[in-house]
Amino acid sequence: MLVNCVAYTKGQKLADIAVADISEQIRQPDTFVWVALKDPTPDELTAIQEEFDLHDLAIEDALKGEQRPKLEEYGSSMFVVMHVIETIGNELRLGEIAVFLGPQFLVSVRRKADQGFAEVRRRCEQEPELLQHGPAYVLYTLMDTVVDRYMPVLDGLRVEFESLEKRIFEGTTTRAQIEALYSLKQKLMLLDHAVVPLLEVSGKLHGGRVPPICAGLGDYFRDVSDHLLRLRQSIDNLRDMLATAISVNLSLITLQESEVTKRLAAYAALIAVPTAVA
């Protein structure tokens, strides 16, 4: 589904345009087009590919989805994949946003994610002096927003862990608590698998050889990397605490089973004495 297709010139919104008019617009100087798609059909992606001359392999990845966060270069254009994570009740749902970036265009393809990026477009349009950097600045704002949305997810996992940790010492340790801890571990791994590869992606945009299309925006992408580093450290800390909690929980279960065994042995001894006397 086409969410929107907008042309910008010198950092200012020019007009909403039809997909068929894209090639005409990007021939204009100081102009780029920003297209947003949600769960597009193959025909919709093919139409976009023809307008921007996108690489077949990148289109194939965008169609299939379920890609690892990554950055690939195709000539003067780039293809970037980021994971988006949404909290649905007590579960986490994994989606993704794939971004095609060229000197005069940015195409975002959102899959399996309800929350859109309308606020990113508003933010960019309210900062025309920054939007003059072109589509690479839009990539930065998208990446920055994706990373910012990881924080509430991590906070939720931390709250869930604290609740489980409290229950461990309040009463009898149960199998259900062990299962809950392992479920939390799986959620944490999902977040980790989104953060760590994206840290590698952002690093390529501010250190060493930076793709020409992103030149001049190193400080912005470095800021994203800093946020990702802090997230990774927090994830590692929570993972360590979770491992300790699982170990303690298993130890408590062993102690409880040992106590039960001792009681059964004592009861057996009490029964055995009268039997022996008789």
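A few remarks follow.
- Flag not set for V84, criterion: under 12 Å from F105 (Cα atoms) and of a type outside the set (S, T, N, Q).
- Summed over region 1-24, the residues that are assigned to a strand (DSSP E or B) and surrounded by 15 or more Cβ atoms within 10 Å (Cβ to Cβ) give a count of 8.
- Here region 63-93 is the region considered, the condition is being of a type in the set (A, V, I, L, M, F, W, C) and at pLDDT below 95, and the residue that is nearest to H193 (Cα to Cα) is I88.
- Here the helices (runs of 4 or more DSSP H) wholly within region 81-169 that include at least 1 residues being of a type outside the set (A, V, I, L, M, F, W, C) and either on the phi > 0 side of the Ramachandran plot or without any contact (Cβ under 8 Å) to a residue 40 or more places away in the chain (or both) are 118-125, 135-168.
- Residues in region 158-190 that are of a type in the set (A, V, I, L, M) and under 26 Å from E86 (Cα atoms): V159, L164, A176, I178, A180, L181, L184, L188, M189, L190.
- Taking the listed residues Y150, Y220, Y182, the one that is farther than 30 Å from A136 by Cβ, at pLDDT 90 or above and of a type in the set (F, W, Y) is Y182, with no other qualifying.
- Subset of region 120-160 [over 28 Å from M189 (Cα atoms) and among the acidic types (D, E)]: E125, E127, E129
- Boolean, L54 is in a loop (DSSP other than H, G, I, E, B) and either farther than 19 Å from V146 by Cβ or over 19 Å from the mean Cα position of the chain (by Cα) (or both): yes
- Any hit, region 206-222, residues being within 30 Å of Q186 (Cα to Cα) and either without any contact (Cβ under 8 Å) to a residue 12 or more places away in the chain or in contact with a strand residue (DSSP E or B) (Cβ under 9 Å, 6 or more places away or on another chain) (or both): no
- Scanning region 189-216 for residues that are surrounded by 15 or more Cβ atoms within 10 Å (Cβ to Cβ) and either over 22 Å from the mean Cα position of the chain (by Cα) or among the charged types (D, E, K, R) (or both) returns D192, K204, V210, P211, I213.
- Scan of region 22-39 for residues that are more than 22 Å from T141 (Cα to Cα) and either among the basic types (K, R) or touching a helix residue (DSSP H, G or I) at 6+ places or on another chain (Cβ under 9 Å) (or both), ordered by number: I22, S23, R27
- Condition check for D43: within 30 Å of the chain's Cα centre (by Cα) and free of Cβ contacts under 8 Å to residues at least 24 places away in the same chain: yes
The values are calculated or read from the model by the stated rules, or taken from the named source; none is laboratory data. Bear in mind the structure is a predicted one, so any value in this text is a computation, not a measurement. Please note: Cβ atoms are built from the backbone with ideal geometry, for glycine as well, and neighbour counts cover all protein chains shown.
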